[in-house]
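*Asks:* Handing you this structure, nothing more for now.
The values are calculated or read from the model by the stated rules, or taken from the named source; none is laboratory data. Every value quoted in this text rests on a predicted model; they were computed, and no experiment measured them. For neighbour counting, all protein chains shown are included, and Cβ atoms are generated from backbone atoms with ideal geometry for every residue, glycine included. Each accessible area value is taken on the protein alone, full model and side chains, heavy atoms only, with ligands, DNA and RNA left out. Shrake-Rupley method; radii C 1.70, N 1.55, O 1.52, S 1.80 Å.
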Amino acid sequence: MSFLQKQESRISFMKSYRKEIWFNTPHRRDFINITGDVEQCLTESGIREGLCLVNAMHITASVFINDDESGLHQDFESWLEKLAPEKPYSQYHHNTAENNADAHLKRTVMGREVVVAVTAGKLDFGPWEQIFYGEFDGRRKKRALVKIIGE
Amino acid sequence: MSFLQKQESRISFMKSYRKEIWFNTPHRRDFINITGDVEQCLTESGIREGLCLVNAMHITASVFINDDESGLHQDFESWLEKLAPEKPYSQYHHNTAENNADAHLKRTVMGREVVVAVTAGKLDFGPWEQIFYGEFDGRRKKRALVKIIGE
Amino acid sequence: MSFLQKQESRISFMKSYRKEIWFNTPHRRDFINITGDVEQCLTESGIREGLCLVNAMHITASVFINDDESGLHQDFESWLEKLAPEKPYSQYHHNTAENNADAHLKRTVMGREVVVAVTAGKLDFGPWEQIFYGEFDGRRKKRALVKIIGE
């Protein structure tokens, strides 16, 4: 009997967990700290050792890790506008039905996804690492995916 | 006997799969949609839950996720040429034996790799996500790697 | 008895491994080849098939894959200075207590992390791939994380 119980527990030896986090930002561009949401996912998953993927499910949004400091977020905003300006819309071939080509480029700079180590049931972070959802074409329902695999 | 069969089945509990996808692009720079190739790899792997890594095996190429829209691809081309121009070749210290320094920089902007969640045997994608091989120094044989782990 | 031993060996079926690599670079900006360190981690882990995550644990540093060629590294330095100049410090809102806003932006271009396939006990690399720690605000103790999962 004890043996069968051990078998049972081993069947969940490699676990996987999935959750979507939804957004509907008030502005075209926003940065939202989702570290707490991802930590809650990790707790729900029961996974102690593994990898946690967090990715934007939309191609005009980003998930990235950096500092939760408002001055830096202003710097990101103006820097991305310099590297890939929103306007004039006519500068981009993509801007026919939509005017969001700059959002595709900005998301490319910031990255689609992060992979975070899971150690002893925690996100294995350095001192200032925080996970952000970066929205570059908001004011509509969009989402990020959390997928955790491990044991 | 039944017990030994269960043991057998558990030995393949965490699976891994590997495949190379080869390219020989006609131009120095090209974007190739490889979503179908990666989906075929996933089917071959038999993996239902896990993570799928797709990376360029060359440092002048990229694997990235974005929209399969030709206007956007033109925008990527001119934007990358603005951020990291191919010419004059003499502007880069790297350009001695080869003239591909710009390709190293362009690939850096676009990224080396993507990690995609695998859920219920499918690439767990949002509505417009497509995987591309981005070539920045083509006209030769090069390759991307697909590695899937899971159960 | 033989059966119990088999149980034991299966308990380590999915393995995980973690190590920090520490740095204290002499300059504000440096690129350090850590491929050998990561290979040593992989050997220590005993993992044959899986995924290896290497990430900066600081938000002003990067882990990236590119060529170990000094001319290219000079090109990265001047290119990043053009995209996100260090000075004047006053151009960035983030520069109040510290003057490292440019380091946050440079690390964003270069990326926080790499995920490398592990195949037959080796880093599954193309011909020129090397892993670098990219420091953009050095002269202090900082670290990268190596996390490997697999079997």
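*Asks:* Is there any pair with a first residue in region B:32-47 that is closer than 19 Å to residue B:68 by Cα and a second that is assigned to a helix (DSSP H, G or I) and modelled with pLDDT under 95 whose Cβ atoms are under 6 Å apart and which are 6 or more apart or on different chains, and what are they?
*Replies:* Nothing qualifies.
*Asks:* Right, next: Tell me, which residue of region B:59-79 that is in a loop (DSSP other than H, G, I, E, B) and more than 7 Å from every other protein chain (Cβ to nearest Cβ) is surrounded by the fewest Cβ atoms within 10 Å (Cβ to Cβ)?
*Replies:* It comes out as B:68.
*Asks:* Scan region C:100-115 residue by residue and report those that are more than 8 Å from chain A (Cβ to nearest Cβ), touching a helix residue (DSSP H, G or I) at 6+ places or on another chain (Cβ under 9 Å) and crowded, with 24+ Cβ neighbours inside 10 Å.
*Replies:* Scanning region C:100-115 gives C:102, C:106.
*Asks:* Let me ask you something else. Any chance you could count how many residues in region C:122-151 are open to solvent by 10 Å² or more (accessible area, probe 1.4 Å), closer than 30 Å to residue B:14 by Cβ and more than 12 Å from chain B (Cβ to nearest Cβ)?
*Replies:* So the count comes out to 1.
*Asks:* Please specify each residue of region A:80-94 satisfying the condition of being of a type in the set (D, E, K, R) and open to solvent by less than 100 Å² (accessible area, probe 1.4 Å).
*Replies:* Answer for region A:80-94, where residues must be of a type in the set (D, E, K, R) and open to solvent by less than 100 Å² (accessible area, probe 1.4 Å): A:81, A:86.
*Asks:* Can you spot a residue in region A:27-37 that is within 24 Å of residue A:121 (Cα to Cα) and touching a Gly at 6+ places or on another chain (Cβ under 9 Å)?
*Replies:* So in region A:27-37, the residues within 24 Å of residue A:121 (Cα to Cα) come out as A:32-37.
Restricting the remaining residues to those that are touching a Gly at 6+ places or on another chain (Cβ under 9 Å) gives A:32.
The answer is yes, given that some residue of region A:27-37 is within 24 Å of residue A:121 (Cα to Cα) and touching a Gly at 6+ places or on another chain (Cβ under 9 Å).
*Asks:* Let me ask something additional. Let me spell it out: the conditions are (1) open to solvent by 10 Å² or more (accessible area, probe 1.4 Å); (2) under 21 Å from the mean Cα position of the chain (by Cα); (3) more than 11 Å from chain B (Cβ to nearest Cβ); (4) aliphatic (A, V, I, L, M), and residue C:97 meets all of them except one. Which number is the exception?
*Replies:* (2)
*Asks:* While we're on this one: Taking the condition of being farther than 22 Å from residue C:138 by Cα, modelled with pLDDT of 95 or more and open to solvent by less than 70 Å² (accessible area, probe 1.4 Å), how many residues in region C:1-52 meet it?
*Replies:* Total meeting the criteria: 11.
*Asks:* Please give the number of the condition residue C:118 fails out of (1) open to solvent by 10 Å² or more (accessible area, probe 1.4 Å); (2) under 30 Å from residue C:13 (Cβ atoms).
*Replies:* Against the list (1) open to solvent by 10 Å² or more (accessible area, probe 1.4 Å); (2) under 30 Å from residue C:13 (Cβ atoms), residue C:118 comes up short only on (1).
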